[in-house]
Amino acid sequence: FQEKYDYRNVEVFFDVKLNLRYVITEGNRLYFKRSMSAEQIKGCYSFLQMEQDIESPHRYLTSDFFVAENDVVADVGAAEGTFALSIAGKAGKIYIFETDKEWIEALEATFAPWRHKVQIINKFVSDNNNGENIALDSFFENGEALNFLKIDVEGAESELLKGCEK
């Protein structure tokens, strides 16, 4: 299935007002880090499309594992936010956790149309709470039900899961 994705077919646009590059995905703008060139974005976006292909073992959503209408979702390790963007119209609330400050600017631009239901949190998600970290048990201590948890934390899964036992 990988052959379906050719970075040369990715069209990159430039938002003069925000001074950021973006691609159009499912009719929405997906912004990228200011430091990424158009060529880097083409390669990155082509890879993102490939990993979410119906045949990909890395695919986040399947017919058996999906976000339902009005679900509360935590996207931990969102990077550019493709997963959250793919469910923005359906989810009731999305909490995006991302620590890379360069991605924060791009995420704010991408999710501006959903500002009322998307919250971007610039913290690591782990099993403790301090200036840089937050545990999901603490974050959701107000009793809000979390329906779907997408995790891409590059080896810190154990700490994250310890912090969300409730």
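The values are calculated or read from the model by the stated rules, or taken from the named source; none is laboratory data. Quick caveat: nothing in here was measured; it's all calculated off a predicted structure. When we count neighbours, we look across all protein chains shown, and the Cβ atoms used for this are built from the backbone with ideal geometry, even at glycine. Only protein heavy atoms, including side chains, enter the accessible area calculation; ligands, DNA and RNA are left aside. Shrake-Rupley method; radii C 1.70, N 1.55, O 1.52, S 1.80 Å.
A few comments on the model shown:
- Selection from region 57-112 of residues that are in contact with a Leu (Cβ under 8 Å, 6 or more places away or on another chain), among the charged types (D, E, K, R) and in contact (Cβ under 8 Å) with a residue 40 or more places away in the chain: E80, E105
- Sole residue being touching a Gly at 6+ places or on another chain (Cβ under 8 Å) and either farther than 25 Å from D15 by Cα or open to solvent by 10 Å² or more (accessible area, probe 1.4 Å) (or both), chosen from D75, D100: D75
- I121 falls short of the stated requirement of being open to solvent by less than 20 Å² (accessible area, probe 1.4 Å), touching a Gly at 6+ places or on another chain (Cβ under 8 Å) and farther than 26 Å from N9 by Cα.
- Considering region 1-38, the residues that are open to solvent by less than 60 Å² (accessible area, probe 1.4 Å) and among the acidic types (D, E) include one that is farthest from the chain's Cα centre (by Cα), namely D6.
- The residues on offer are A84, A135, A91, and the sole one that is modelled with pLDDT of 95 or more, surrounded by 19 or more Cβ atoms within 10 Å (Cβ to Cβ) and more than 30 Å from K17 (Cβ to Cβ) is A135.
- Subset tally (residues that are farther than 15 Å from I121 by Cα and open to solvent by 30 Å² or more (accessible area, probe 1.4 Å)) for region 138-148: 7
- Criterion applied to I96, I41 was being of a type outside the set (G, A, S) and either farther than 18 Å from A109 by Cβ or more than 15 Å from the chain's Cα centre (by Cα) (or both), and the one residue passing it is I41.
- Condition met for L107 (crowded, with 19+ Cβ neighbours inside 10 Å and among the aliphatic types (A, V, I, L, M)): yes
- Hits in region 44-68 - residues which are within 24 Å of A109 (Cα to Cα) and loosely packed, with under 14 Cβ neighbours inside 10 Å: F47
- Condition check for A91: more than 27 Å from F32 (Cβ to Cβ) and among the aliphatic types (A, V, I, L, M): no
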